[in-house]
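Let me begin by presenting the structure, written as structure tokens, before commenting on it.
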2 protein chains.
Amino acid sequence: MGNNVTMRDIAARLGVSSVTISKALNDKEGVSDELKQKIKEVAEEMGYRFNTLAKSMKEGQAYNIGVIIPERFTGEIQSFYLKFYQHIARVLDQHQYSGILHILSSEDEDHNVLPRIYYDKKVDGLLILGQISNDYINLLNRIEIPIVYIDFYNEDAEADTVITDNFSGVYEMTNHLIKNGHKEIGFVGNIYSTSSIQDRFLGYYKSLLEHKLPLNQAYIINDRDDRGKYIDLEMPEKLPTAFVCNCDQIAYNLINKLNSLGYRVPEDCSVVGFDNDIYAQIAEPKLTTVEVDIEEMSRTAVNLIISKLKSKQKKWEQVSVKGKIVYRNSVKQLNES
Amino acid sequence: MGNNVTMRDIAARLGVSSVTISKALNDKEGVSDELKQKIKEVAEEMGYRFNTLAKSMKEGQAYNIGVIIPERFTGEIQSFYLKFYQHIARVLDQHQYSGILHILSSEDEDHNVLPRIYYDKKVDGLLILGQISNDYINLLNRIEIPIVYIDFYNEDAEADTVITDNFSGVYEMTNHLIKNGHKEIGFVGNIYSTSSIQDRFLGYYKSLLEHKLPLNQAYIINDRDDRGKYIDLEMPEKLPTAFVCNCDQIAYNLINKLNSLGYRVPEDCSVVGFDNDIYAQIAEPKLTTVEVDIEEMSRTAVNLIISKLKSKQKKWEQVSVKGKIVYRNSVKQLNES
DNA sequence: CTGAAAGCGCTTACAG
DNA sequence: CTGAAAGCGCTTACAG
């Protein structure tokens with residue numbers, strides 16, 4: 001396995017020019033099939049490895065995409081975005097790009113510090129995974145490399161965005177509860193916290209409206225403070241027959257809370273979640289929930305950013321990818337069917 | 001924010017040469033402090049961003065490290081290595097390097113296909129996270145870029161390795177059980193599966209030996225097949241008073257198994273794990289377990305590979321990083337103290 | 001079908 | 001303290 005074999009070395013061995021080698025190895029026009037074949041064989045034999053750096057320099061493209069995840073989403077157990085990143089990395093690889101993960105520290109986010117990979121021109125574009133502060137978004141909007149936001153959106157920013165269809169996911173889930181006879185349905189989540197939670201809440205609300213069911217403020221339970229930190233869930237005096245939770249982890253916490261108060265799920269109260277992450281599976285009973293289509297979202301986001309790289313003029317777009325309901329055992333049927 | 005500002009542009013503006021700009025921006029000798037200061041200001045003002053690509057090409061260094069995780073370790077809930085990767089990415093960033101994640105598909109592993117990032121010279125070195133097949137290790141040993149293996153080792157390979165101190169972790173954990181009066185202690189894990197599990201088993205065995213306790217084969221429970229896939233745990237006729245599990249997930253599964261058989265933990269049988277991952281926290285009762293020091297291991301591995309990059313002659317070394325026991329509620333005290 | 005020339009944006013000697 | 005020259009390994013546009 002030769003170490004630093006270059007196109008010039010192959011050229012010298014074959015008595016041709018390095019231009020010809022370049023053409024042959026890139027399957028371009030202008031080399032006879034015979035010679036092309038020969039060149040590929042010799043390249044293989046000499047252990048030639050293509051030097052992306054040189055190509056990159058020539059083209060001004062690094063063939064890397066930065067993937068930014070705010071630190072607070074990477075805590076002890078919150079692995080959703082890390083899992084997301086894994087899928088993105090794969091899709092990127094299929095397009096001959098690489099993904100460089102950057103965990104955005106709270107400090108850098110607060111002080112509007114851009115990641116080093118941007119300043120060093122190591123990346124051609126940025127994928128932002130998870131809601132960040134509006135100030136930081138404004139900062140990002142001023143830089144010239146393409147950016148695609150994933151899993152949240154900001155109504156002020158005219159930016160490319162790939163989100164899961166929170167609204168219709170929870171809307172359909174709430175319909176499902178109502179179809180099963182539930183009339184008093186609560187919602188758990190800080191509806192001022194993120195746009196995702198807001199949309200999920202609105203999907204829930206739309207379902208209530210459509211079925212002429214009242215929105216009972218006592219049934220709207222806050223689950224986190226403004227920094228996204230979970231707080232203790234305060235239960236209302238009288239329980240609804242079901243709770244729609246903004247995510248599985250909160251549903252899991254809610255079940256524990258209900259159990260500690262002597263209630264059984266779903267016998268005394270039904271609980272549904274969102275995400276279909278590990279909490280949906282370890283909850284007892286297992287959660288009926290909405291599964292986010294991470295793969296489709298990854299594909300969409302990567303296609304978006306690569307097409308923006310190819311033609312800078314492309315208009316921005318917002319894509320929402322449908323999830324699907326996963327039926328398990330956390331919902332009790334109240335009516336006859 | 002200028003787009004393609006180069007050193008030459010700054011040089012032109014100031015009427016000096018680009019060599020001087022390079023020296024000033026890199027804080028090298030040979031530029032007066034005054035000029036250096038001025039250059040930095042103008043660079044900032046013009047929105048100059050350093051082009052790593054050019055530097056990389058000159059030096060033949062990409063300033064990227066590939067991080068390889070075998071696909072089978074990235075399943076639905078197995079996020080341990082992903083979490084590991086996150087720490088590695090951070091430490092790398094502190095050294096001005098970037099980490100590029102590559103999930104090694106089972107197919108590529110079986111067919112000895114090296115990742116594209118290697119063939120494209122996108123990375124200067126490789127960090128291998130999690131046990132891979134011996135064939136693949138042999139393949140890796142033949143390539144010329146530095147490699148550091150993390151969280152497992154292969155006795156055949158004279159390779160740089162960073163592992164958690166499995167042996168002493170389980171050894172101390174077993175001592176802890178014995179100190180609490182346990183004399184019949186089982187072990188759960190396929191001891192032919194990975195070197196980590198083997199070492200954990202040996203730590204357990206050493207503790208038994210030291211305390212003159214017999215090794216009862218009926219108490220050694222297999223937990224996975226040769227591909228690492230979990231299998232149903234077969235319980236012995238008569239239970240020991242405690243089980244040492246090779247990881248938290250298996251401990252979690254074991255508790256469920258015991259519960260389904262009508263046994264309570266720790267009242268009827270104590271259970272301890274290893275890793276202190278999410279399974280240790282969601283288990284009921286919470287697990288007494290050994291915590292792997294991911295941060296320290298990440299730092300060590302990154303330092304190792306960067307020092308190998310700097311001096312290729314460095315001899316290989318194997319570092320084992322101590323974990324520490326986390327005491328929770330899954331162990332019953334059998335004796336008076 | 002094949003190749004000589006120029007250039008991508010830096011850095012490293014070396015000369016002044 | 002400052003700079004002209006050469007080179008890292010490719011690719012592009014042009015000429016033959």
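The values are calculated or read from the model by the stated rules, or taken from the named source; none is laboratory data. Model, not experiment: these values are computed from the prediction. Glycine also receives a Cβ, built like all others from the backbone with ideal geometry; neighbour counts cover every protein chain displayed. Ligands, DNA and RNA are stripped out before the accessible areas are found, and what is left, the full protein with its side chains, is counted by its heavy atoms. Shrake-Rupley method; radii C 1.70, N 1.55, O 1.52, S 1.80 Å.
Could you check region B:275-294 and list, in sequence order, the residues that are within 17 Å of B:Asn246 (Cβ to Cβ) and modelled with pLDDT under 95? Result: B:Asp275, B:Asn276, B:Asp277, B:Ile278, B:Tyr279, B:Ala280, B:Ala283, B:Glu291, B:Val292. Here region B:15-28 is the region considered, the condition is being over 18 Å from B:Arg49 (Cβ atoms) and not charged (D, E, K, R), and the residue that is surrounded by the most Cβ atoms within 10 Å (Cβ to Cβ) is B:Thr20. In region B:275-295, the residues that are within 13 Å of chain A (Cβ to nearest Cβ) reach residues that are among the acidic types (Asp, Glu) with C-beta atoms within less than 6 angstrom, at least six apart or across chains, in these pairs: B:Asp275/B:Asp248; B:Asn276/B:Glu291; B:Asp277/B:Asp248; B:Tyr279/B:Asp248; B:Ala280/B:Asp248.
Taking A:Phe201 as meeting all but one of (1) within 24 Å of A:Asn335 (Cβ to Cβ); (2) in a helix (DSSP H, G or I); (3) in contact (Cβ under 8 Å) with a residue 24 or more places away in the chain; (4) of a type in the set (A, V, I, L, M, F, W, C), write down the number of the exception. Condition not satisfied by A:Phe201: (1).
Being surrounded by 17 or more Cβ atoms within 10 Å (Cβ to Cβ) and either modelled with pLDDT of 95 or more or within 18 Å of A:Phe73 (Cα to Cα) (or both) is the requirement here; does A:Ile220 meet it? Give the steps one after another, and end with the answer.
Working: surrounded by 17 or more Cβ atoms within 10 Å (Cβ to Cβ): yes; either modelled with pLDDT of 95 or more or within 18 Å of A:Phe73 (Cα to Cα) (or both): yes.
Answer is yes for this residue.
Within region B:77-91, at least one residue is among the small types (Gly, Ala, Ser), within 12 Å of chain A (Cβ to nearest Cβ) and surrounded by 17 or more Cβ atoms within 10 Å (Cβ to Cβ).
The set of residues from region B:43-58 being facing chain A (nearest Cβ under 7 Å) and within 15 Å of DNA strand D (Cβ to nearest atom) comprises B:Phe50, B:Asn51, B:Thr52, B:Leu53, B:Ala54, B:Ser56, B:Met57.
Restrict the check to region B:305-319 and report whether at least one residue is without any contact (Cβ under 8 Å) to a residue 24 or more places away in the chain and in contact with a helix residue (DSSP H, G or I) (Cβ under 8 Å, 6 or more places away or on another chain). Checking region B:305-319: at least one residue is without any contact (Cβ under 8 Å) to a residue 24 or more places away in the chain and in contact with a helix residue (DSSP H, G or I) (Cβ under 8 Å, 6 or more places away or on another chain).
Mind telling me which of the residues A:Met46, A:Met7 ends up being open to solvent by 10 Å² or more (accessible area, probe 1.4 Å) and within 11 Å of DNA strand C (Cβ to nearest atom)?
Answer to the selection: A:Met7.
If the condition is being of a type in the set (Ser, Thr, Tyr) and more than 10 Å from every other protein chain (Cβ to nearest Cβ), then region B:98-118 contributes only B:Ser106.
If you take just the strands (runs of 3 or more DSSP E) that sit entirely in region A:224-337, which of them hold at least 2 residues that are surrounded by fewer than 21 Cβ atoms within 10 Å (Cβ to Cβ)? Break it down stepwise before answering.
Details: elements: A:242-245, A:270-272, A:289-291, A:318-321, A:324-326.
Counting at least 2 such residues, we get A:318-321, A:324-326.
In region B:179-189, which residues are out of contact with any Asp or Glu (no Cβ under 6 Å at 6 or more places or on another chain) and open to solvent by less than 30 Å² (accessible area, probe 1.4 Å)? Once the filter is applied, which keeps residues that are out of contact with any Asp or Glu (no Cβ under 6 Å at 6 or more places or on another chain) and open to solvent by less than 30 Å² (accessible area, probe 1.4 Å), region B:179-189 yields B:Asn180, B:Gly181, B:His182, B:Ile185, B:Gly186, B:Phe187. For region A:62-85, the criterion of being modelled with pLDDT under 90, at positive phi and either within 8 Å of DNA strand D (Cβ to nearest atom) or within 39 Å of the chain's Cα centre (by Cα) (or both) is met by none of the residues. Of the residues making up region A:155-165, those that are under 21 Å from A:Tyr192 (Cβ atoms), of a type outside the set (D, E, K, R) and not in a strand (DSSP E or B) number 1. On inspection, A:Glu41 does not qualify as of a type in the set (Asp, Glu) and under 30 Å from A:Phe152 (Cα atoms).
Here's the yes/no breakdown for (1) in contact with a His (Cβ under 6 Å, 6 or more places away or on another chain); (2) outside the structural domain of A:Ile137 (by TED's automatic domain parsing); (3) open to solvent by less than 20 Å² (accessible area, probe 1.4 Å):
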residue: A:Ala12; (1), (2), (3): no, yes, no
residue: A:Lys36; (1), (2), (3): no, yes, no
residue: A:Pro70; (1), (2), (3): no, no, yes
residue: A:Gln96; (1), (2), (3): no, no, no
